[in-house]
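Report on the following structure.
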Amino acid sequence: MLKPRSLLCLIFLAPCLLASQPEEVMGHGQVQQLHQLLKIQPGATLIVDNPLGNLRIRSIREREGIDVTATVQLKTGQDNPLDLVQQIEEDGSVKVALSGIEDMERLVRAVYRVDLVIGLPDTHPLDVRLIDGEFTMHGGTYPVRLRGRTGKANIRTSGTVDVELLHGHVVYQPAISMGAPQGGRIQTSSAAVDVLLADPESLNYQVVSGAAITTDSLALLQSRQIDGRTRLFGSDADSPVLKIQTDHGPVRLVAEGIR
């Protein structure tokens, strides 16, 4: 059940919510799309909660509104029990979520998966919550916070990152055109972590891993230090720090273009 503030938000928002004509997919029933144009205050954090599939962030020009498209893959003969909703949190952040997931029995019976595509201006911090899904994004400068269980995360922001992913693969690859990376933290269990930078010496690194830690950068190798379980890379005290910790996932610090 939606909270009163969520209902007020929906009324204020006057969302454009459209279900496309069902499309038959061999072996997977129908595919339906939901679309919503969200209004959000400049600089407010966007929270995206999708426990049913992937999330892709594409860049759009600054304007009023954020485009959200949900592709719902239904099982044969089932109606779509889901809807897109927007909730305003107490701190002013805006949450995009799926209503209808509370009825787990109906959900399992009707839905294979839901994938989200969001058009986001480069002005809003992003807070992502996935379970078993992939996260991809166009290059940006905004901070990204991500929590997930299993999947692949391709982080392409130069803003601060805060990533926790248990299993899968994390690729940290800030877009060259978006300025100097600001670092942050990446923590995994078995997920491998690849840092791909044109200039890997633009960051300092603090790495703890139960698996291999490798780099093809001579400058980083020459600056390597050991502090207990932590491997330190980088020699510029003024550079931002990227902290990486894995239980047993390998870590690679790679000069982009060298594999």
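Quick notes on this one:
- Selection of strands (runs of 3 or more DSSP E) fully inside region 162-259 by the criterion of at least 3 residues being among the hydrophobic types (A, V, I, L, M, F, W, C) and under 26 Å from Arg129 (Cβ atoms) returns 192-197, 241-246.
- Verdict on Arg5 being outside any loop (DSSP other than H, G, I, E, B), modelled with pLDDT of 90 or more, loosely packed, with under 15 Cβ neighbours inside 10 Å and not assigned by TED's automatic domain parsing to the domain that holds Gly148: no
- When Gln182, Gln206 are checked against the criterion of being touching a residue at least 12 places away in the same chain (Cβ under 8 Å), closer than 29 Å to Thr150 by Cβ and touching a Phe, Trp or Tyr at 6+ places or on another chain (Cβ under 9 Å), Gln206 stands alone in meeting it.
- Residue within region 122-145 that is assigned to a strand (DSSP E or B), at pLDDT below 95 and not acidic (Asp, Glu) present: yes
- Region 209-233 residues that are among the basic types (Lys, Arg), paired with ones that are assigned to a loop (DSSP other than H, G, I, E, B) (beta carbon under 8 Å, 6 or more apart): Arg231/Arg224
- Residues considered: Arg156, Arg224, Arg231. Of these, the only one that is more than 27 Å from Arg113 (Cα to Cα), buried (at least 18 other Cβ atoms within 10 Å of the Cβ) and among the basic types (Lys, Arg) is Arg231.
- Condition met for Asn50 (closer than 29 Å to Thr123 by Cβ and either aliphatic (A, V, I, L, M) or modelled with pLDDT of 90 or more (or both)): yes
- For region 81-121, the set of residues classified as in contact (Cβ under 8 Å) with a residue 60 or more places away in the chain, in a strand (DSSP E or B), within 24 Å of Thr157 (Cα to Cα) and not hydrophobic (A, V, I, L, M, F, W, C) consists of Asp115, Gly119, listed by residue number.
- Those residues of region 58-68 which are surrounded by fewer than 18 Cβ atoms within 10 Å (Cβ to Cβ) and either within 21 Å of the chain's Cα centre (by Cα) or modelled with pLDDT of 90 or more (or both), in sequence order: Arg58, Ser59, Ile60, Arg61, Glu62, Gly65, Asp67
- So Gln32, is it at pLDDT 90 or above and touching a Cys at 6+ places or on another chain (Cβ under 7 Å): no
- Restricted to region 200-259, and to residues there that are touching a Lys or Arg at 6+ places or on another chain (Cβ under 6 Å) and hydrophobic (A, V, I, L, M, F, W, C), the residue that is farthest from Val170 (Cα to Cα) is Phe233.
- Here Val72 passes the criteria (1) part of a strand (DSSP E or B); (2) within 18 Å of Val128 (Cα to Cα) except the one numbered (2).
- Any chance Val208 is of a type in the set (Val, Ile, Thr), more than 23 Å from Leu120 (Cβ to Cβ) and in contact with a Gly (Cβ under 8 Å, 6 or more places away or on another chain): no
The values are calculated or read from the model by the stated rules, or taken from the named source; none is laboratory data. This one's a predicted model, so the numbers in the text were calculated from it and none came from an experiment. Because the Cβ atoms are built from the backbone with ideal geometry, glycine has one as well, and the counts that use them run over all protein chains shown.
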